[in-house]
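One structure is given below, encoded as structure tokens.
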Amino acid sequence: MALTLLQTKDLLKQLAIHPKRKWGQNFLVAPAFVERSLKWAQIKSDDVVVEVGPGCGTLTGNLVQEKTHVFAIEKDPVLFEHVRNTWNTVCIICEDAVQYPVGLHKADDTNYKIVANLPYAIASIWLDRILELPQLPTRMVLMVQTEAADRWFSRENSKKFCPLSIFLQSTYQLEHKCTVAKRCFYPQPKVDSTLLSLVKRPQYFTFEHTCKQFIRNVFVHRRQQIGRVCKELQSPYARTLISFLQENAIDLSCRAECLPIDVWQRFALRCR
Ligand code: SAM
């Protein structure tokens, strides 16, 4: 059963927990969004599901009830103990999800999904780690800060367009999205939240680690002319980008934020 506001407050009191901002402890107290998360993830029995930051366990309890195999990562030692003692089938570790993005799940051979109300401070860096795994989750249903959701799914010519928009959209398509009111959390966050459902593309494109690093470096100077940025960076990738743009008749005075995702993909292929 998903936890209501009263049940969450009672549980936190029993555990003597005062929600910590540094760990993004804004607990979901709207059962309708727990149900929606499971529905969007198309959860069925025997699914392998990773949950980041189970907290009081409002999503976890429902995932267990659906007879899924849950792998969880929780940084707060008291909440970790609570989840471990409440659901003995959950494989949970008390660690940082940035270091263990899918916990103890071996992301190399099994299809798996991710369902998480993410701690907002680590959302983008954690997602970046996920995109580097040898096997990617088939679906992810993620509660994130609206500002992050907007950046992740922005397109070229927008101030929000960033390297993560390129890497994520090359791999996942956005299936559903909805805003979630502040009152759906306890304590209420200062920022707006969005629930996203992402599905791995049938023909997805991944960028090599060093190429990603180069693209990030180019975006540090996103408002400068790309030809000048490449001259300053002076790396083999920079030289390849200049040749690639010239071969494709793309003006060297354009800016990184103006190049569409498919151009970055073709450049990445050229670097292999
Ligand atoms: N899933 C619960 C819910 O929906 O109510 C809690 C979500 S709360 C937004 C984020 C949770 O992530 C908290 O339980 C917090 O302790 C945990 N957390 C924060 N930083 C973390 C990190 N770096 N690694 C793992 N868990 C973290």
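Peptides 166-179, 71-84 ordered by packing proxy, namely the average of other Cβ atoms within 10 Å per residue, highest first: 71-84, 166-179. The 1.4 Å probe gives accessible areas that order Y120, Y112, Y100, largest first, as Y100, Y120, Y112. Applying 1/(1 + (r/R0)^6) with R0 = 45 Å to the Cβ-Cβ distance of R21 and N111, what FRET efficiency is obtained, to the nearest 0.05? It comes out at approximately 0.80. Overall, the accessible surface of the chain at a probe of 1.4 angstrom is composed of carbon and sulfur to the extent of 50 percent.
Solvent exposure of the chain amounts to 49 Å² per residue of accessible area, where only protein heavy atoms count and the probe is 1.4 Å. Highest-first packing order for the peptide set 201-213, 137-149 is 137-149, 201-213, based on the mean count of other beta carbon atoms within 10 Å. Cα centroid separation, region 136-157 to region 230-272: 25 Å. The label-point distance for T4 and N248, in a model that sets each label 7 Å from Cα toward Cβ, rounds to 5.5 nm. Here the dipole of region 145-223 is about 200 debye; that uses its Cα centre as origin and unit charges on the Cβ of Lys and Arg (positive) and Asp and Glu (negative). Net charge dipole, region 5-200: roughly 640 debye, given to the nearest 20, about the Cα centre with Cβ charges of +1 for Lys and Arg and -1 for Asp and Glu. Label-to-label distance for Q135 and A121 is 3.3 nm, based on points extended 7 Å past Cα in the beta-carbon direction.
Short-range pairs are left out: with C-alpha atoms under 8 Å and at least six residues apart, the relative contact order of the chain is 15 percent.
Secondary-structure-derived ellipticity at 222 nm for the chain, considering helices only, amounts to -11000 deg cm²/dmol, per-run term -39500 (n - 2.57) for DSSP H runs with n ≥ 4.
Using mean Cβ contacts within 10 Å as the protection proxy, how do 29-36, 251-258 order, highest first?
In decreasing order of mean packing, 29-36, 251-258 become 29-36, 251-258.
The value for the chain of Rg(Cα) / (2.2 N^0.38 Å) is 1.10. When all protein chains stay in place and ligands, DNA and RNA are ignored, the 1.4 Å accessible-area order of L6, L131, largest first, is L6, L131.
The values are calculated or read from the model by the stated rules, or taken from the named source; none is laboratory data. No experiment lies behind these values; they were computed from the predicted model shown. Because the Cβ atoms are built from the backbone with ideal geometry, glycine has one as well, and the counts that use them run over all protein chains shown. Protein only, heavy atoms only, side chains kept; ligands, DNA and RNA dropped before computing areas. Shrake-Rupley method; radii C 1.70, N 1.55, O 1.52, S 1.80 Å.
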